[in-house]
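The structure appears right after this line, and notes come after that.
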Amino acid sequence: MKSARLLVIGWFFQLKMLSRSSFNGILGILYPLFFATVAFLMYRAGSPNALLYASLGASVMGVWSAVSTSAGSAMQRERWQGTLELLVSAPAHFSLVMLPVTVAMSTIGLYSMAATLLWGWLLFGIDLHVAHPLLFCVSIVVTVVSIGVTGFLMAVAFVRYRTAWALGNLFEYPVWLVAGFLVPISLFPGWVRPISWLLAPTWGMNAIRESALGGTPLPDVGLCAAIGVGCLVLGIAVTGTVLRSARARATLALT
Amino acid sequence: MAAIEAHELRRTYRTSIGVFRRRTLEVEAVRGVSFEVPEGELFGLLGPNGAGKTTTIKMLITLLIPTAGSARVLGFDVVKDAREVRKRIGYVFGGERGLYERLSGLDNLRYFAELYAVPPRNQRPRIEELLELVGLRGREKERVEGYSRGMRQRLHIARGLLHDPPVVFLDEPTIGVDPVGARELRSTIASLTQAGKTVLLTTHYMFEADELCDRIAVINKGEIVAEGTPRNLKEIVADRTVIEIEAFGIDDTAVERLRSAPGVTSVSVEEREQAQVLLVQSAKGLELTQTLLGLLNGATIGRVVAREPTLEDAYVALVGEA
Amino acid sequence: MTSARVFLIGGVMSFRALFNWLSPWIYVPTMLVSPVFQILLFAYIGRAARVQSDKFYVIGNALQYTAIPCVFAMSHTIAGERFQQTLGYILVTPARRIPLFVGRSLPVVVNGALTSAFALALGGAILGIHVPVSALAPLALTIVLCAASCTGLGLLSAAIGFLVRETATLNNIVFGVLLIFCGVNVSLDDLPGWMSTLAQGLPLTHGIEAARKLADGASLSYVAGLIGAEALVGLLYGLAGYALLRALELQSRVHATLERA
């Protein structure tokens, strides 16, 4: 199918470009690692059994950060490069063009994921035994893709804001907190939980944990994917509106 | 059916100025532009900066929605059938931007080939063919960030032709390219119409327009002020003579004096390093040279030439006398 | 210009430069929302790990977050000058350096202290912690002191930024180091020996400890030693930064490297 091919090839080339940019690379790995280290120190002091739980959670933090800090300004960047016009005037549907950009960002987050797990193992002796390896991999893939799709929604929703990067940053900590990366959601007041449930990363995180610690990850995988699809549909709708408006009002400065 | 049809295209921009008391300004960039380009023609759109050329092109390639009027490309409306239009057009613009710096030239082409739905089977041969055509064979694996201006330009053209579009829009394609490279590019452009494509070209280089275009429209301040073959346009000024005066240190008052001299229809000034070249148009037959030199009394004069008008002079006459 | 005017006007100029961050779209997320979420994040981890009280984390993180407005902004101000190529002009003025730089630091300190105080108040309110009324004024003092201390570190970071190109990475690392070492989320007793020793030489360590004691009802005189230590540490970093800037300025006059991007 043409669309599938376009998505994969787009993703491949975006990934190539991101890998060649050293700027975000080191920081993208280091920053979540600082927070992970503190969390490990805290859990080690209080409840060492929870270290594996924390390690898995901390590893996904980097995937979210990779997206939240840069997805919002993805379209801005295309505009500065002068390529936005070309993308819009291509016959392919704009979502098929933009989606690979943000999914590539979340894919780069895998470096951070690996680094965090390695760090936990090296410095804190956190052994990673995975109960269901295949489902573990599936869970990771679904989580990464759905976080990428969430980034796509952010990219098209924030396109009007010149300070999109700050808006993206706004979502970094809250999602770390509410998606239950480092803290069980059961600890939050009741009214917070529906918010957690609406976020794809929450279910992705559950799925990763269940498949590592030996549970039933499939329902979580399903929910993560479903919410991802929801974000995709919403993103496509927003794209249509945004582009129509931009062409009518010449506000996107496509020119 | 014409390949490109524009009917009374209009485009207004709204901008707001001021921080505290915002006022909206409406600027009408394109005011009722109409023209038709039959299939297989190489059509030139000429005009000064800000005349509305780029806005017109952007409307034709579906990036802007016209405020009024309509346009069709190969029969498809640019607003309602945007997708169909996009499948059939190639767009090439000048400048450094518009390419992915961190990818190689080849990767850029592969990516855009996918975006423009070039069938996978055809991608490789097509890319190789185009690299050969634009003279980038052997440099395609290097990253674009290392490309010279001319190389980028050539890559742009290759990109615009990937999906073999029947209609190609070229926005100042040879700008910034060295003379030899530009000559090659021009023969490439000429070959496009030989292959049956329709080309709409904007350029500032008059000799280029003269050499390449079957027909030309001159646009100024949002309106078409003349349309025809290069010869037609030259006829506008056929009854004129152009006197080229090379001078040093001419100021605006001197130029004004020349403008108000009897018989002079227009004066334009070209800056060339140390000197200026004044191009004075007047009716044929008037022997104005002495008068003009007299008015420039005090300035240092170099060469003085009286000659037949070129397309460039026609252009100057059209946009300078607005 | 008299030193006093240099101090004040320079300060206002610096604040305006800082005001790139004053667009509400940037200020609100960065200075108001994020610190509160950092507090909540660690407070909840604390609850899950069952280590310390909420109050421990609220105070620790509220004070640590001053690193963002203070270290980043100070570093940014100096780097920004260099970017706009005005640094050379400033350093060339006959104005005395100390009022100049202190003037530039003042808005940064004020902004940092306000950010911290806001986060402390809001985070504390959300989590329901109580602070005795008598502790409010000493706490305010401690907050200002921590902000000043971080600003001193920011000055040093700015100076180092001249040598290292990647100031953003540098500052993020500083933020991370402060987060891990200064007893922000892990009490110094729970840290390995070498870490708690290192922490003594960092800003925030003493200030945070003092603030916690104050919030538990200690008197100002009781924590005077800690406050003094914090002030000293901050001052030393500030002086180091200032000295390095002067040294670089001198060196740049010889090698014309000041404006090198």
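The values are calculated or read from the model by the stated rules, or taken from the named source; none is laboratory data. Quick caveat: nothing in here was measured; it's all calculated off a predicted structure. Quick reminder, even Gly has a Cβ in these numbers, built from the backbone with ideal geometry, and neighbours come from all protein chains shown. Side chains are part of the model used for accessible areas, which takes the heavy atoms of the whole protein and leaves out ligands, DNA and RNA. Shrake-Rupley method; radii C 1.70, N 1.55, O 1.52, S 1.80 Å.
Values computed for the structure shown
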{"quantity": "Among residues of segment B:103-122, those that are at the interface with chain A (Cβ under 10 Å from one of its Cβ atoms) and either surrounded by 17 or more Cβ atoms within 10 Å (Cβ to Cβ) or closer than 24 Å to B:ARG186 by Cβ (or both), counted", "calculated": "12"}
{"quantity": "All positions within segment B:176-189 that are open to solvent by 10 Å² or more (accessible area, probe 1.4 Å), out of contact with any Lys or Arg (no Cβ under 6 Å at 6 or more places or on another chain) and not polar (S, T, N, Q)", "calculated": "B:VAL177, B:ASP178, B:PRO179, B:VAL180, B:ARG183, B:GLU184, B:ARG186"}
{"quantity": "Subset of segment A:50-72 (residues that are within 11 Å of chain C (Cβ to nearest Cβ) and open to solvent by 10 Å² or more (accessible area, probe 1.4 Å))", "calculated": "A:ALA50, A:LEU51, A:TYR53"}
{"quantity": "Subset of segment B:48-85 [assigned to a loop (DSSP other than H, G, I, E, B) and on the phi > 0 side of the Ramachandran plot]", "calculated": "B:GLY50, B:GLY52, B:THR62, B:LEU74, B:GLY75"}
{"quantity": "Count - residues of segment A:197-222 that are buried (at least 19 other Cβ atoms within 10 Å of the Cβ) and of a type outside the set (Val, Ile, Thr)", "calculated": "14"}
{"quantity": "The listed residue being assigned to a strand (DSSP E or B) and either modelled with pLDDT of 85 or more or open to solvent by less than 80 Å² (accessible area, probe 1.4 Å) (or both), out of B:GLU26, B:GLU8", "calculated": "B:GLU8"}
{"quantity": "Residue pairs meeting the criteria (Cβ under 6 Å; at least 6 apart or on separate chains; first more than 15 Å from A:ALA74 (Cβ to Cβ), in segment A:223-250; second of a type in the set (Phe, Trp, Tyr) and part of a helix (DSSP H, G or I))", "calculated": "A:LEU223/A:TRP203; A:CYS224/A:TRP203"}
{"quantity": "Residues within segment B:268-313 that are in contact (Cβ under 8 Å) with a residue 60 or more places away in the chain and more than 28 Å from B:VAL218 (Cα to Cα), tallied", "calculated": "1"}
{"quantity": "Search result, residues across segment C:182-215 that are farther than 21 Å from C:VAL109 by Cβ, open to solvent by 20 Å² or more (accessible area, probe 1.4 Å), not in a loop (DSSP other than H, G, I, E, B) and not basic (Lys, Arg)", "calculated": "C:LEU188, C:ASP189, C:ASP190, C:GLY193, C:TRP194, C:SER196, C:THR197, C:LEU198, C:GLN200"}
{"quantity": "A:LEU87 within 10 Å of another protein chain (Cβ to nearest Cβ) and of a type in the set (A, V, I, L, M)", "calculated": "yes"}
{"quantity": "Top-ranked residue of segment A:31-49 - restricted to ones that are open to solvent by less than 50 Å² (accessible area, probe 1.4 Å) and more than 7 Å from every other protein chain (Cβ to nearest Cβ), ranked as nearest to the chain's Cα centre (by Cα)", "calculated": "A:PRO32"}
{"quantity": "Criterion violated by B:PRO173 - all others in (1) open to solvent by 30 Å² or more (accessible area, probe 1.4 Å); (2) within 16 Å of B:GLY47 (Cα to Cα); (3) in a loop (DSSP other than H, G, I, E, B) satisfied", "calculated": "(1)"}
{"quantity": "Filter result for B:VAL73 (more than 9 Å from chain A (Cβ to nearest Cβ), hydrophobic (A, V, I, L, M, F, W, C) and in contact with a Ser or Thr (Cβ under 6 Å, 6 or more places away or on another chain))", "calculated": "no"}
{"quantity": "Test: residue in segment B:128-137 that is surrounded by fewer than 20 Cβ atoms within 10 Å (Cβ to Cβ) and either within 24 Å of the chain's Cα centre (by Cα) or of a type in the set (A, V, I, L, M) (or both)", "calculated": "yes"}
{"quantity": "Set A:GLU78, A:GLU85: member being assigned to a helix (DSSP H, G or I), of a type in the set (D, E, K, R), touching a residue at least 60 places away in the same chain (Cβ under 8 Å) and surrounded by fewer than 24 Cβ atoms within 10 Å (Cβ to Cβ)", "calculated": "A:GLU85"}
{"quantity": "Residues of segment A:158-189 satisfying the condition of being under 27 Å from A:THR37 (Cβ atoms) and either of a type in the set (Val, Ile, Thr) or touching a strand residue (DSSP E or B) at 6+ places or on another chain (Cβ under 8 Å) (or both)", "calculated": "A:VAL175, A:VAL178, A:VAL183, A:ILE185"}
{"quantity": "Selected residue [open to solvent by 10 Å² or more (accessible area, probe 1.4 Å), outside any loop (DSSP other than H, G, I, E, B) and touching a Leu at 6+ places or on another chain (Cβ under 8 Å)] from B:LEU200, B:LEU192", "calculated": "B:LEU192"}
{"quantity": "Residue under evaluation B:ARG97, criteria (1) at the interface with another protein chain (Cβ under 10 Å from one of its Cβ atoms); (2) open to solvent by 20 Å² or more (accessible area, probe 1.4 Å); (3) within 30 Å of B:ASP313 (Cα to Cα); (4) of a type outside the set (Phe, Trp, Tyr), criterion not met", "calculated": "(3)"}
{"quantity": "Condition met for C:ALA218 (out of contact with any Ser or Thr (no Cβ under 9 Å at 6 or more places or on another chain) and either assigned to a helix (DSSP H, G or I) or buried (at least 16 other Cβ atoms within 10 Å of the Cβ) (or both))", "calculated": "yes"}
{"quantity": "Selection count, segment A:145-172, where residues are within 9 Å of another protein chain (Cβ to nearest Cβ), open to solvent by 10 Å² or more (accessible area, probe 1.4 Å), assigned to a helix (DSSP H, G or I) and in contact with a helix residue (DSSP H, G or I) (Cβ under 7 Å, 6 or more places away or on another chain)", "calculated": "4"}
{"quantity": "Only one of A:SER186, A:SER112 that is more than 11 Å from chain C (Cβ to nearest Cβ), hydroxyl-bearing (Ser, Thr, Tyr) and more than 30 Å from A:VAL88 (Cβ to Cβ)", "calculated": "A:SER112"}
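So that you can scan it fast, the table gives a plain yes or no per residue for (1) assigned to a helix (DSSP H, G or I); (2) farther than 28 Å from B:LEU99 by Cβ; (3) touching a strand residue (DSSP E or B) at 6+ places or on another chain (Cβ under 6 Å):
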| position | (1), (2), (3) |
| --- | --- |
| A:TYR53 | yes, yes, no |
| A:VAL97 | yes, no, no |
| A:VAL103 | yes, no, no |
| A:MET113 | yes, yes, no |
| A:LEU122 | yes, yes, no |
| A:ASP127 | no, yes, no |
| A:LEU135 | yes, yes, no |
| A:VAL138 | yes, yes, no |
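A quick yes/no check of all residues on (1) assigned to a helix (DSSP H, G or I); (2) over 15 Å from the mean Cα position of the chain (by Cα); (3) more than 20 Å from A:SER59 (Cα to Cα):
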residue	(1), (2), (3)
A:LEU177	yes, no, no
A:ARG193	yes, yes, yes
A:PRO201	yes, no, no
A:MET205	yes, no, no
A:LEU223	yes, yes, yes
A:VAL229	yes, no, yes
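The rows are residues; the columns are (1) of a type in the set (Val, Ile, Thr); (2) more than 14 Å from chain A (Cβ to nearest Cβ).
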| site | (1), (2) |
| --- | --- |
| C:VAL131 | yes, yes |
| C:ALA137 | no, yes |
| C:SER149 | no, yes |
| C:VAL164 | yes, no |
| C:LEU170 | no, no |
| C:LEU178 | no, no |
| C:SER187 | no, no |
| C:MET195 | no, no |
| C:GLY207 | no, yes |
